[in-house]
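Asks: Shown below is the structure under consideration.
The values are calculated or read from the model by the stated rules, or taken from the named source; none is laboratory data. All of these numbers come straight from a predicted model, not from anything done at the bench. Methodologically, a virtual Cβ is constructed for each residue, glycine included, from the backbone with ideal geometry; neighbour enumeration extends over all protein chains shown.
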Amino acid sequence: MRLHRFFCPLGVVLALSACKKEKPVEVPSALDVFPAIILPPNASYVSKSGSADALALLLRTSLKVDAAANYYRAALRPPSWRLVSDSKDNQGATLLYAEREGRPLWVRVWPDSEFNATFVEMTGAVAKLHPDSTRAPTDSEAIAAGKLPQPAATFVPMAPPRMVTPR
């Protein structure tokens, strides 16, 4: 009978110690992930998710789906950005992939039928900004090495308007 009194509390202690709580995964800040945070007009925050290496922000905007997609197409153009991919997924959402200084940005745009609005999900990866021997090549280095396709179009900025001075 004495063994029962010893093993019963020991079993409870072992069971409780097995219920060790795991630390929640620290999600990086948006400033660590996104080279620039591009918010569409009338955007509201919905949620965020991620891991130690990536972050996804879900936003809602009052823009229509096409207008929101066009907004990001215009924002993700040279010289600051390089729009690498512009496509649709099997659910009809617009998918954009762009890079800025070697940092990736994925944008997914789809309708929010419940609120007659549009969802925008921006996903980025944590940048390793310190130089080391394993750094990824820049876009121009990768293109020169034949590892990236040439951009479909190049952006040539328009000349600024000339000012006429009165005589």
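Asks: Please determine, by comparing only the residues of the range 78-95 that are assigned to a loop (DSSP other than H, G, I, E, B) and in contact with a strand residue (DSSP E or B) (Cβ under 8 Å, 6 or more places away or on another chain), which one is surrounded by the most Cβ atoms within 10 Å (Cβ to Cβ). Steps first, please.
Replies: Looking only at the range 78-95, we keep the residues that are assigned to a loop (DSSP other than H, G, I, E, B), and these are 78-81, 89-93.
After this cut, where a residue has to be in contact with a strand residue (DSSP E or B) (Cβ under 8 Å, 6 or more places away or on another chain) as well, the list is 80-81, 89, 91-93.
Values: Ser80: 12, Trp81: 21, Asp89: 10, Gln91: 7, Gly92: 9, Ala93: 17.
Per the criteria, the residue is Trp81.
Asks: Tally the residues that are touching a residue at least 60 places away in the same chain (Cβ under 8 Å) and under 16 Å from the mean Cα position of the chain (by Cα), restricting the search to the range 44-82.
Replies: At the first step, the residues of the range 44-82 found to be touching a residue at least 60 places away in the same chain (Cβ under 8 Å) are 46, 52-60, 77-79, 82.
Filter once more, so that each one left must be under 16 Å from the mean Cα position of the chain (by Cα): 46, 52-60, 82.
Going through the range 44-82 one residue at a time, the tally reaches 11.
Asks: Another question, then. Out of Gly124, Gly92, which single residue is at positive phi and in contact with a Pro (Cβ under 9 Å, 6 or more places away or on another chain)?
Replies: Gly92 is the lone residue from the list that is at positive phi and in contact with a Pro (Cβ under 9 Å, 6 or more places away or on another chain).
Asks: Consider the range 44-66. How many of its residues are farther than 18 Å from Gly124 by Cα, touching a Leu at 6+ places or on another chain (Cβ under 9 Å) and crowded, with 16+ Cβ neighbours inside 10 Å?
Replies: 1
Asks: Checking the condition of a type in the set (A, V, I, L, M, F, W, C), surrounded by 15 or more Cβ atoms within 10 Å (Cβ to Cβ) and over 17 Å from Pro41 (Cβ atoms), which residue from Ala75, Ala98, Ala69 passes? Before you say what the answer is, go through the steps one by one.
Replies: Details: Ala75 fails: over 17 Å from Pro41 (Cβ atoms); Ala69 fails: over 17 Å from Pro41 (Cβ atoms).
Result: Ala98 is the single residue among Ala75, Ala98, Ala69 that is of a type in the set (A, V, I, L, M, F, W, C), surrounded by 15 or more Cβ atoms within 10 Å (Cβ to Cβ) and over 17 Å from Pro41 (Cβ atoms).
Asks: In this structure, is Ala15 at pLDDT 80 or above, assigned to a helix (DSSP H, G or I) and over 15 Å from the mean Cα position of the chain (by Cα)?
Replies: Values: at pLDDT 80 or above: no; assigned to a helix (DSSP H, G or I): yes; over 15 Å from the mean Cα position of the chain (by Cα): yes.
So Ala15 fails the test.
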